[in-house]
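Chemist: Sharing a structure with you now.
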Amino acid sequence: MELYKQLVVGLLVAGLVGFSAWASAGDSGYYGGYGGDGYDYAPVTEVIPVYQDVQVRSPRTQCWDEQIVYKQPRSAAGAVIGGLIGAAIGNKVGRHGHHHGWRYHRRGNRGAATVAGAAVGALVGNEISRANAPAQYGTQQRCQVVDEFTTRRDLVGYDVRYNYNGREYMTRTDRHPGDRIRVRVDVTPAW
């Protein structure tokens with residue numbers, strides 16, 4: 001009988017210990033097997049947003065008015081007179097020919113020499129007329145693309161402090177955890 005009483009008392013004590021452990025873990029959300037990982041929830045004590053500064057490049061067009069100086073001949077007389085003089089010189093060279101190295105240029109090149117002389121004379125006459133013309137001033141709009149840099153703050157996560165079994169921990173999450181955070185619990189037997 002004595003053995004029977006000891007057995008009943010032992011079973012009652014084991015049942016009370018098991019019930020007590022079940023009741024204390026019941027609301028925590030813990031699950032997992034003996035000797036493995038499980039999950040629980042820990043109360044969050046502080047959440048600190050973490051930001052990162054990012055430079056953003058924005059190209060934009062910047063324009064300004066610039067003063068320019070230009071000379072324009074008053075008339076086309078310089079180009080006409082220069083063209084006539086050049087044509088006369090070219091015609092004379094083409095008519096008489098000249099020695100150039102070992103070759104003798106024939107009179108058949110007279111038309112080409114006249115045209116070339118007229119063109120060169122017109123250009124020279126135009127430049128002389130332009131150089132003697134009074135300076136004129138005007139404005140011209142100039143534009144260029146410039147890069148403008150601004151700094152933007154991006155939210156990259158949260159530093160979260162939480163307590164579990166009387167100890168304080170900290171982790172970084174990518175979203176706000178709220179008032180509690182899910183934690184992994186590793187349970188191993190102690191021998």
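Chemist: Only one residue in VAL124, VAL120, VAL93 is modelled with pLDDT under 65, out of contact with any strand residue (DSSP E or B) (no Cβ under 6 Å at 6 or more places or on another chain) and β-branched (Val, Ile, Thr), so which one is that?
Modeler: On inspection, the qualifying residue turns out to be VAL93.
Chemist: Could you check how many residues of the range 142-170 are among the polar types (S, T, N, Q), assigned to a strand (DSSP E or B) and over 12 Å from THR45 (Cα atoms)?
Modeler: So the count comes out to 3.
Chemist: Pick from VAL160, VAL187, VAL156: which is closer than 17 Å to TYR39 by Cα and of a type outside the set (Gly, Ala, Ser)?
Modeler: Of the residues listed, the single one that is closer than 17 Å to TYR39 by Cα and of a type outside the set (Gly, Ala, Ser) is VAL187.
Chemist: Among the residues of the range 164-178, which ones are closer than 28 Å to GLN52 by Cβ and surrounded by 11 or more Cβ atoms within 10 Å (Cβ to Cβ)?
Modeler: The answer is GLU168, TYR169, MET170, THR171, ARG172, THR173, HIS176, PRO177.
Chemist: Please specify each residue of the range 171-191 satisfying the condition of being in contact with a Phe, Trp or Tyr (Cβ under 8 Å, 6 or more places away or on another chain), in contact (Cβ under 8 Å) with a residue 60 or more places away in the chain and outside any strand (DSSP E or B).
Modeler: Those that are in contact with a Phe, Trp or Tyr (Cβ under 8 Å, 6 or more places away or on another chain), in contact (Cβ under 8 Å) with a residue 60 or more places away in the chain and outside any strand (DSSP E or B): HIS176, PRO177, VAL187, PRO189.
The values are calculated or read from the model by the stated rules, or taken from the named source; none is laboratory data. Quick caveat, the model's predicted, so the values are computed rather than measured. Don't worry about glycine lacking a Cβ; one is built from the backbone with ideal geometry, like all the others, and counts go over all protein chains shown.
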